[in-house]
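Beneath this line is the structure, given in structure tokens, with notes to follow.
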Amino acid sequence: MDKKPFDIAVAVRRIRTAVDPWPKAALFQLAEEGYTSAFEQLVACIISIRTFDEVTLPVSRKLFERARTPAGMCELALEELDALIGASTFHERKAGQILAIARRVRDEYGGTLPCDREVLMSFAGVGPKCANLVLGIACGEPFISVDVHVHRVTGRWGYVKASSPEKSLLALEAQLPRRYWIEINRLLVPFGKHICTGSRPRCSTCPVLDMCRQVGVEESR
């Protein structure tokens, strides 16, 4: 069938409705539960790396029951911190990174993690995805966070053409209206998990099929 021009405003409105029944992306869910500080969001994002949201959420809650601030985190022994996040992937490495961040924030920034991208990116284990999510969710600053879902979905739409999440970030910064910069991750993580999946996407139930170019789709449901 003939495709309509891709209208991102229409797509966002439709996807807001489509993802409403599905669980929210982990960091947005934690923010709704009150874990809204930049430090909490950064710690949760580190835990989430290569880890399913279904694991990230209970692990983050368990850790934050023990410590929610850099000062509190510094009181934990490395072994205790590692045990608390043991269900996450690469937990030993992450425990060391989280403890090092907590100590730096305590010692260099008076115990409060600043909303500064350069500072966030200076921590071991923190890349553009986590830095941008923290700035967007905790700080309310317009940054785009591109993970595998955002990269895959926007490329499949034909909205951007990029070979990696890093290049998708640059393409989206040039094209996506700023009012959607934070929301695009909140929407496309559940959309990419449940509708526009990696293999055999559910195109028959997709709310933007009339605009989607279905780039790379060989078989769908």
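Just a yes or no: is a residue in segment 15-38 modelled with pLDDT of 95 or more, outside any loop (DSSP other than H, G, I, E, B) and touching a Gly at 6+ places or on another chain (Cβ under 6 Å)? The answer is no, given that none of the residues of segment 15-38 is modelled with pLDDT of 95 or more, outside any loop (DSSP other than H, G, I, E, B) and touching a Gly at 6+ places or on another chain (Cβ under 6 Å). Among the residues of segment 44-70, those identified as exposed (fewer than 14 other Cβ atoms within 10 Å of the Cβ) and either under 20 Å from VAL126 (Cβ atoms) or of a type in the set (A, V, I, L, M, F, W, C) (or both) are ARG50, PHE52. Here LYS167 does not qualify as basic (Lys, Arg), surrounded by 21 or more Cβ atoms within 10 Å (Cβ to Cβ) and more than 23 Å from ALA9 (Cβ to Cβ). When residues in segment 184-205 are screened for being surrounded by fewer than 16 Cβ atoms within 10 Å (Cβ to Cβ) and charged (D, E, K, R), 2 of them pass. Taken over segment 1-43, the criterion of being more than 19 Å from ILE184 (Cβ to Cβ) and buried (at least 17 other Cβ atoms within 10 Å of the Cβ) is satisfied by TYR35, SER37, ALA38, PHE39, GLU40, LEU42, VAL43.
The values are calculated or read from the model by the stated rules, or taken from the named source; none is laboratory data. As the structure is a computational prediction, the values presented were derived from the model and not from experiment. Cβ coordinates were reconstructed from backbone atoms using ideal geometry, including for glycine residues, and neighbour counts include every protein chain displayed.
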